[in-house]
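So the structure is just underneath, and the comments pick up after that.
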């Protein structure tokens with residue numbers, strides 16, 4: 001009884017919904033190339049990679065959460081917390097010293113990441129145990145993380161290990177200029193790892209099925225509670241990592257970092273075509289979403305005849321147009 | 001005058017509908033007189049629901065013409081159909097349960113006072129009048145969801161009739177109703193008939209169709225087989241028309257008795273001790289041996305469905321315990337049940353499948369480690385899935401299709417394919433063939449019989465006596481949450497079952 005074009009995997013893989021995000025990206029690239037003469041230069045691409053890497057790392061983890069039909073509102077502040085704790089430990093353990101012993105530096109980086117795992121675990125367990133939406137629990141966690149950061153740093157600017165500054169700003173060079181930033185390489189690594197886990201491990205499959213139909217997954221013997229907890233842990237971990245990279249780019253930690261990281265990350269994931277309702281999407285899509293979002297931001301800055309104050313407005317308008325077009329195409333299927 | 005009475009109220013001429021290259025409905029003629037109850041029967045995919053969707057305005061680009069009282073009309077939107085007085089009452093819970101009966105009756109067209117506020121006094125008074133008019137005895141201020149399904153259906157019908165519907169389409173109205181409830185609904189249908197409302201009655205339940213309908217239209221594979229008056233039609237003949245050449249697939253009538261088996265001497269593999277679920281059932285004890293099928297019979301709401309779901313871990317029992325091979329299983333934990341080979345198949349496929357996901361993902365879900373190993377590969381999983389899909393008779397057996405693209409019967413086969421990937425020691429079935437056509441039912445129950453032969457213990461909960469008499473070795477009858485009688489080693493029939501429930 002089924003339509004032929006429907007049963008062929010080739011056609012199924014290339015339906016409009018899957019292509020739409022790619023088309024938006026292509027349209028943006030073509031537009032900026034025409035509108036800004038300097039757009040298609042190595043420097044621009046490097047800038048996009050550098051800017052996009054933090055978003056990509058955070059969005060990769062967030063993709064897990066959205067795929068299992070939950071949300072993590074605490075990613076931005078978890079990132080901030082991670083960076084703040086890192087800065088605080090750095091001041092404590094290494095001080096302003098010129099040498100950074102390897103083990104101490106490793107601890108300064110790993111302890112904050114571990115604390116993020118704990119935050120994610122807490123959000124996850126409370127979400128599952130209380131049966132409240134993760135929206136509520138992670139909203140509270142967002143305030144907790146922000147408050148802890150404020151209390152810990154006493155609103156002071158903190159220094160961070162040199163290695164983070166290198167990670168955030170340096171990269172593979174060619175002709176004396178950074179071409180491929182280390183942060184982009186790290187982001188690529190996170191994306192690939194996320195993709196492999198989602199597509200080729202049992203855990204990844206359980207994430208999709210838990211998001212697609214939680215009751216069905218539960219009845220088939222999947223321990224859906226654990227899957228939700230794991231996804232929130234992953235998301236908190238990538239958020240922490242993103243926070244460290246971002247602090248590295250700035251070469252210090254202040255409380256105004258990562259303010260709009262949460263919403264940008266959600267926009268990236270959804271822009272790529274991952275559903276907010278779970279079960280549909282993937283890391284590949286998130287990567288495209290991040291590129292689109294960063295291209296849009298970078299490109300708008302390069303168009304000189306646009307009023308500075310109008311840029312945010314334009315970003316919002318273009319973003320909404322892209323989201324609506326993607327959404328409509330997805331609905332039509 | 002004779003011409004006027006002979007003009008049907010609603011007439012379809014050569015109505016057709018295709019989806020892509022698939023012809024779902026082809027050149028169907030259908031006529032409906034005022035004051036007539038007209039049954040529409042046919043297997044799944046016969047075109048019943050397509051035809052009704054055309055009439056309800058849900059399929060704008062149909063072929064052919066629809067005439068209302070001799071005038072051609074075009075039904076391009078549900079609003080257009082409603083404006084012409086054609087209303088459809090769906091089988092799924094309709095209306096908004098949290099609102100009162102009166103509010104539901106006036107949904108979307110509440111009368112207001114001069115100040116623009118909702119006029120509750122009028123709403124309540126009119127709601128009472130309307131329901132009294134149709135002899136529906138409910139309190140209009142109570143919440144709709146405090147009433148059983150049949151009342152909700154009747155309220156929906158009252159709403160349709162009082163908004164001016166002359167043609168009522170009832171989609172599977174009796175499939176979830178107990179016999180007394182069905183009787184109640186039929187009484188309402190008869191009252192409407194005597195007032196000249198034309199009623200289309202779509203059902204899989206042949207007996208119900210034969211009881212209430214004046215004429216019956218049989219569809220098969222999207223084409224009209226025949227429209228016949230009820231007089232002189234019997235069940236076997238009707239089933240023969242529905243199935244065409246596949247006469248042997250017809251279910252046997254159970255007016256005559258069936259001999260049930262005695263309890264086996266074998267050690268039971270699955271035991272429930274003093275099991276209770278608050279608001280569901282209480283103090284149920286049962287045991288099943290390998291290769292035995294225990295039937296659970298009761299009207300809808302008797303607790304037998306909740307019992308199977310609890311046995312399978314989908315719900316957590318409030319007391320008592322369940323043992324497999326004398327090993328207690330964790331209450332309310334399907335993971336533990338599945339690990340011990342205790343498997344639940346529910347009536348609602350949307351509860352057991354990720355419909356947007358590919359079939360192979362749904363099939364391998366429960367035994368992913370065994371089927372797919374450590375590193376999941378789409379091709380390997382699809383390859384492992386295909387033979388099982390063929391074994392269960394899923395059509396088309398294409399693992400890459402989305403599960404939601406399949407018909408209901410085939411979706412249930414996908415659920416079976418999932419469990420056949422591993423060992424099934426105890427198979428728990430909760431109305432496993434609800435809403436399926438005769439052929440698909442037969443396919444699914446053949447799979448159950450196959451598992452039973454291999455030594456699986458089966459528990460089958462159903463509100464269809466025929467189904468239980470065909471497939472169960474012993475039958476427990478449940479009523480209001482308690483086991484009221486066990487039929488074993490005795491000759492019994494439909495009437496005896498219904499009487500003891």
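When peptides A:123-135, B:345-357, B:483-495 are sorted by average Cβ neighbour count within 10 Å, with the highest value leading, the order is B:345-357, A:123-135, B:483-495. What the Cβ-Cβ distance of residue B:207 and residue B:267 gives, at R0 = 30 Å and to the nearest 0.05, is a FRET efficiency of 0.15. Taking the average, over residues, of other Cβ atoms within 10 Å as the packing measure, peptides A:182-188, B:445-451, A:310-316 rank A:182-188, B:445-451, A:310-316 from highest down. The separation of region A:25-73 from region B:27-101, counted between C-alpha centres, amounts to 49 Å.
Inter-label distance, residue B:236 to residue B:370: 4.4 nm, where each label sits 7 Å from its Cα along the C-beta direction. Label separation (residue A:136 vs residue B:65): 6.0 nm, computed from points 7 Å beyond Cα along the C-beta direction. Ranked for footprinting exposure by Cβ neighbours inside 10 Å, fewest first, A:150, B:369 give B:369, A:150.
If R0 equals 25 Å, the separation of the Cβ atoms of residue A:301 and residue A:23 corresponds to a calculated FRET efficiency of about 0.65. Based on the alpha-carbon gyration tensor of chain A and its eigenvalue square roots a ≥ b ≥ c, which shape applies: rounded if a/c is under 1.5, prolate if not and a/b is larger than b/c, or oblate? The shape class here is oblate.
Annotation: extensible slack from residue B:454 through residue B:137 equals 109.0 nm (criterion: 0.36 nm per residue apart, minus Cα-Cα distance). Averaged over the residues of peptide B:373-379, the number of Cβ atoms from other protein chains lying within 10 Å of each residue's Cβ is 3.
Remark: mean inter-chain Cβ contacts per residue of A:210-216 equal 6, using a 10 Å Cβ-Cβ cutoff to other protein chain atoms. The packing ranking of peptides B:229-236, A:42-49, A:62-69, highest mean first, is A:62-69, A:42-49, B:229-236, where packing means the average number of other beta carbon atoms within 10 angstrom of each residue. Model label sites at residue B:73 and residue B:423, defined 7 Å from Cα along the beta-carbon direction, differ in position by 6.2 nm. Considering only beta bridges that DSSP places wholly inside region B:258-500, some 55 percent are antiparallel. DSSP bridge analysis restricted to the protein assembly as shown gives an antiparallel fraction near 60%, rounded to the nearest 5. Peptide A:217-229 has a mean of 6 when you count, residue by residue, the C-beta atoms of other protein chains within 10 Å of its C-beta. When the helices of the protein assembly as shown are scored as -39500 (n - 2.57) per DSSP H run of n ≥ 4 and the total is divided over every residue, the value at 222 nm lands at -15500 deg cm²/dmol.
Relative contact order for chain A: what percent, with Cα pairs under 8 Å and sequence separation of 6 or more? Value for chain A: 34 percent.
Where a number appears in this text, it was derived from the coordinates with a stated rule and is not lab data. Worth saying up front: this structure is predicted, and the values here are computed from it rather than measured. Positions of Cβ are generated from backbone atoms using ideal geometry, with glycine treated the same way; all protein chains shown enter the neighbour counts.
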